[in-house]
1. Any idea of the accessible area per residue across the protein assembly as shown, 1.4 Å probe, to the nearest Å²?
2. Excluding residues fewer than 8 places away in the same chain, name every one of the lysines whose C-alpha is closer than 21 Å to that of A:Lys284.
3. Please compute, for the alpha-carbon atoms of region B:5-122, the extent along each of the three principal axes and give them in descending order in Å.
4. Restricting to DSSP loop positions (anything but H, G, I, E, B) with no more than 14 other Cβ atoms inside 10 Å of their own Cβ, which GluC sites (Glu not before Pro) remain in region A:39-120?
5. I'd like the residues of region B:1-22 whose 1.4 Å-probe accessible area shrinks by no less than 20 Å² going from the isolated chain to the full set of protein chains.
6. If you wrap a convex hull around the Cα atoms of region A:238-316, how much volume per residue is inside, in Å³?
7. Threshold 10 Å², probe 1.4 Å: give the residues of region B:54-90, in number order, that are less accessible with all protein chains present than with their chain alone.
8. So, with a 1.4 angstrom probe, what is the percent of accessible area on region A:17-256 that is carbon and sulfur?
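The values are calculated or read from the model by the stated rules, or taken from the named source; none is laboratory data. No experiment lies behind these values; they were computed from the predicted model shown. Please note: Cβ atoms are built from the backbone with ideal geometry, for glycine as well, and neighbour counts cover all protein chains shown. Calculation scope for accessible area: heavy atoms of the full protein, side chains included, ligands and nucleic acids excluded. Shrake-Rupley method; radii C 1.70, N 1.55, O 1.52, S 1.80 Å.
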Amino acid sequence: MKGQIYFDHAATTAVKPEVIAKMLPYFAVDYANPSSVYSISRTARHAVEESRETIAQCIGADKDEIYFTSGGTEADNWAIRGSAYANKNKGNHIITTEFEHHAVLHTCKQLEKEGFEVTYIKPDSEGIIHTSDIEKAITDKTILITIMFANNEIGTIQPIYEIGKLAKEKGILFHTDAVQAVGAVPINVKEMNIDMLSMSAHKFYGPKGIGALYVRKGVRPQVFMQGGAQEKNRRAGTENVPGIVGFAAALFDACMHTEENALKLGQMRDYLITEVMNKIPYVKLNGHISKRLPNNANFSFEFIEGEALLLSLDLEGIAASSGSACTSGSLDPSHVLLSIGLPHEIAHGSLRITLGDDNTYYQIDYLVEKLITIVDRLRKMSPLYHEN
Amino acid sequence: MEYTKEVMEHFVNPHNVGELENANAVGEVGNAKCGDIMRMSMYIEDGIIKDIRFKTFGCGAAIATSSVATDLVKGKTLEEALMVTNKQVIDMLGGLPDVKIHCSVLAEEAIHAAISNYCETTGIELPGLKKHCDGCCECCKGEE
Ligand SMILES: Cc1ncc(COP(=O)(O)O)c(C=O)c1O
C-alpha cells in the first residue's frame, strides 16, 4: 500500500519484517508436518511448541492451555458453541453484550435458534458494560458469560477483572473475545479469572488466518473441528506452522513493548482527538475518553454520512473506517454505535481512526487538515446542515 | 464494492449542488435513519425546469445519482422529467453496485417529489407522478 496513510489498524496490520523472517523457513525448508515421526518433523514440532509457550507467557497462561485456531472468529465460535453444548445439562442461558463482534453475536443468535437463551447486555452511553447488569441477568440456568475485552469499533475496555471475579463467585464459565486487546493492553488470564480467551495474530503485526483460544485447565468446550489428533484431540487439522511461528514472534514483540507502545500511541491519539474536536464543529467522540484502547479514536461528524467521508479520505490517500450502513452493505448503521444510544443519523456519520506503529504526527496533521475540508464540503452538500 | 469512474467523477465534482433561491418546486425524500436524504429545488417556468439544485445527505452513490438526476431533468418539460427513470441514472453512471441501486430510486423519487410539490401549489394535474419515499427502506431494495 505505497503512498497510503493507513489509519485502520483495528481492521488488520502489516506483518512486521522480523516476523516474516521468522516465518519464512517453515514454508519450504522446515516444512515437515509436525505430527510425523521422522526426524525432520521435529524442527516443526519444536517451533510449534516453543511458540505455544511464548504465547502462553504473554497472557499469563500455561503452555498446555493454548489451542491454535484459524483466527479470532473460530476461537469465538468454538468457545461459545463448545461451552454451550458441553454444559447443556446444566442450563441453557448465555449472557453477552449488544456490541460484541459478529463472530460472537451471530454465534449467539444461532444458538438461540437451537434452543439456548441469550441475554444481550446494553453498554452505557460511553460504551462500558456494568458488572451489576451482568449480575442481574444471571439465572440458575446461566452457563456462560461472554464479554469482549475491548470493543473493535469504539475501543472501550470492559471491566474484565470484575466480571471474571463475578463469574468465578457464581461458578459460571467466562469467555472473553480479546482479539482487539491482546498485545495492546496487559492481560493476565489467571489474575482476571478468565476461563477462555480468543486472540488473533493479524491485529498485532502477525499473519492473518492464525489465532488461538486459551482454555483454562479443567474447562472443556466440546470439540468443534473433528479430524486428526492435533491440539490434544481438541482441534483437528495440520498446524499452520509458519502462521503459529509468526503469531508468537509478533505477540512476543507486542508484549515486550506494551507499555511503551500504549504510551506512544495514546499520546498521538489524544493529540488527534484534541485537534479534531478543536478544529471541526459538531463532532462527537464515541466511547469513553480514557477507558479505551490507546490507538482508537471514533468520531461522529453530524450532518454527513460516513461512506462519503471515507471515499473522500481515500482520494487523499488516507485509509480509515466507518460504522455507516453504506460501508456494511446493510441498511442499518453499526450495531455498536446504536448500542451506545447514538441516533441513526449520527451513527451514519462515524469515522474510526486506529493508529499503529507506522503512523506519525505529520500524518495526523495531514489527516486533520484534509478532514476539515472534506467535512466542510460534505456538510455544504447536506440538507441537514444549516450554516449560521 | 467498487464505484465506476463516472460515479467518482460526479462524487468529486457534483453538478447543480445547493439550494435555489427562487425555487417554486421543492421535494425531499429519504430519511436519516437509512442514511440517505435528497432534497431537490427547481425553478419551473412555462412547464419547463429552468433551473435545479440538490442537497444530499448520503453515501458516494447518493451524491452521484443526485448529480446525474439533476443533469437529466434540467431544461426538460415536466412531462419529460417525469419519464426519467432510475435505470437511466444508473446507465449514465456506467452502473452501480447492487446495494446502491436504492440511491438511484431515491433520485428518481426526489424529482417526482419536487414536481409533485409544484403541482400541489399551482393546481396543475400531471399524469405519471409517483408517490415518494414513505420511509420504508426495504421497499427500495433491489428495485431496478
Ligand atoms: C473483536 C473481534 N473479534 C473477532 C474478530 C475476528 O478475528 P479474525 O479476523 O481473526 O477471524 C475481530 C477482527 O475482525 C475482532 O475485532
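1. For the protein assembly as shown, the per-residue accessible area is 42 Å².
2. A:Lys122, A:Lys370, A:Lys380, B:Lys33
3. 38, 27, 22
4. A:Glu114
5. B:Tyr3, B:Met8, B:Phe11, B:Val12, B:Val17
6. On the way: hull volume 13.4 nm³, N = 79.
So the per-residue Cα hull volume is 170 Å³.
7. Buried by 10 Å² or more upon assembly, which counts only protein chains, are B:Lys55, B:Thr56, B:Phe57, B:Gly58, B:Cys59, B:Gly60, B:Ile63.
8. On the way: 5240 of 9940 Å².
Answer for region A:17-256: carbon and sulfur cover 53 percent of the accessible area.
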